[in-house]
Amino acid sequence: MKNNKVTRRRFLSRSATAGAAASIASLSPASHAGLFTPTRRSRQKAVVIGSGFGGSVATLRLAEAGIPVTLVERGRYWQYQGEDSYPTLGGLGLHELRYDMLWQEPGHIIPGSTGMLQYHLGGSIGVGVGAGLGGGSLVYGGVLLQPRREVFEQALPFLSYDDMDQIYYPRLLANVSGGPIPDDILNTPNYTSMRTFIDNATRAGLDVVRSEVGFDWNVIREEVQGKRTAFASIGEYVFGCNSGAKNTLDRNYLAAAQATGNVTIETLHNVSHIRRDRWNKTYEVHCDVVNDKGYIVGNHIIECQSLFMAAGSINTTKLLLKAKALGDVPLNEGIGQQWGTNGDELMGRNDIDASTGDVQGGPPSIAAFDMHNPIKPTGFMHSPSPTSGDGTQLQMGMCVSDQMSTASYNRFTDRIDFNWDTGANQPSHQALVHTMDKILDSGGGSLLDLGIMGTWHPLGGAAMGVACDHNGKVFGTDNLFVVDGACIPGSSGAANPSLTIGANAERMMENIIAELT
């Protein structure tokens, strides 16, 4: 069997299906029934599990420092190759997603699915997370919103806001951001809803800002000028973006990492568990090798000296809790603590007629902060939806939650659950409703309170100051680091967390590299 490694040539010029997936899909049909699952072993100095903002940053900085690194990603390489590269909503609601859009756990006999979005039902709450090379950057709205100092320091008091503001936020943005929305695009008909939100939020006394976004506005400009098929500008910006406007991490951080020659990228590698050898103190990363049909067709065990957890809050936390429960890695009691939703609640307004426009262009680009809320500060991100003049406008509301949750691992189901307490977070809910009432008073309509249906911004589970130090090193365990959203204790400060996750990874890797080299 050919190995499943994505070489530099494949990474830059071929899709995951034609590269990593094809090499394992060529096995005999018997392998799909679990009758033949060969095991491959390899060694590397460092392994990074997950390719989202934390994992991509860690991979690049390790590679630049001359440290050989293997990046393990459970999903496909969704290389942009034109207008049919990614699935589209096509008028579907997020509750009507097709099976091919979703990630389902792979199997030997019954297949899973290798779509780019996983919806995890964690006991008391649902959570959406990405799957694929680039992690959450494949399925996020592109928002790179910097939190306000006051709320950041409430959520993350042990970090220097000045350092983040002056060093690490700019460093991340320089690699990913296309800047804030330009006037000429904002003033087109497709962005009527966005202009309405700016007007209503400003008159409500909120602090309105144009967020940096991970999109190329020049490409979107071609969309609105009719020079390119419209996708982002008609609300199709979540599942990749078929106009090529989305600056997913495979196109910047990971491409730069590959160019160093120090990186091996393994896609379609679903990590089943990690363990530590107590004698030589190395780690083993056990992976189920998957084909693009969702079957497990092999195993790959990667031995390493240093292990970087970056599988996202849900899967980093799961792997660590599983290793602890099985006795595979000696881990502290802080693992599983301080998990939260970033204070997410999806809200909006109904019945605001033509002020939403026939089309709601994206990506989300306008935020509004309510720093004078008598309950607590809130942040709202206008969230364009692919609707057609139905008089609805959605906003993602965010704040610092009142009470965090604890994650627990179930050995029988191989899943994690949360004891998220909606009732204990009622003050946060009321704060968000209070801000929405201001917008309703200034712009009309009726409140659409979708409440805590779930979160797209899971954070914590291996939090700084509880499970690991402020540089991500897990307490009591050598050479094990958490560099993704799992290390953020529940909230990034009333703002979408991608920018803070990536910038914090830049900060941590600067210190970790100095220690490792």
message = Considering only C-alpha atoms, what is the centroid distance from region 457-517 to region 37-89, in Å?
response = 19
remark   = Scaled by the rule-of-thumb 2.2 N^0.38 Å, the alpha carbon Rg for region 424-517 gives a ratio of 1.47
key: Residue-averaged [θ]222 nm for the chain, counting only DSSP H segments that reach four residues, each worth -39500 (n - 2.57)   = -7000 deg cm²/dmol
About the Cα centre, charge dipole magnitude for region 5-516 (Lys/Arg +1, Asp/Glu -1 at Cβ), debye = 1880
inquiry  = Just to be sure I understand: of the beta bridges DSSP finds with both ends in the chain, what percent are antiparallel, rounded to 5?
reply    = 70
query = Which one of L331, L346, T356 has its Cα pushed farthest toward the positive end of the charge dipole of region 320-396, where Lys and Arg give +1 and Asp and Glu give -1 at the Cβ?
reply = L331
query = For the charge dipole of the chain, defined by +1 on Lys and Arg C-beta atoms and -1 on Asp and Glu C-beta atoms about the Cα centroid, which residue among H457, V151, A256 has the Cα displaced farthest towards the positive pole?
reply = A256
key: Total charge dipole magnitude, region 247-372, about the Cα centre, Cβ charges on Lys, Arg, Asp, Glu only, Debye to nearest 20   = 680
ask   = How do S113, S160, S243, S492 rank when sorted from fewest to most other Cβ atoms within 10 Å of their own Cβ?
value = S160, S113, S243, S492
note = For volume of the Cα convex hull per residue in Å³, with candidates (i) 154; (ii) 165; (iii) 130, the value calculated from the shown model is option (iii)
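Computed from the coordinates by the stated procedures, all read-outs in this text should not be read as laboratory data. Being a predicted model, the structure only gives us computed values, none of them experimental. Backbone-built Cβ (ideal geometry, glycine too); neighbour counts: all protein chains shown.
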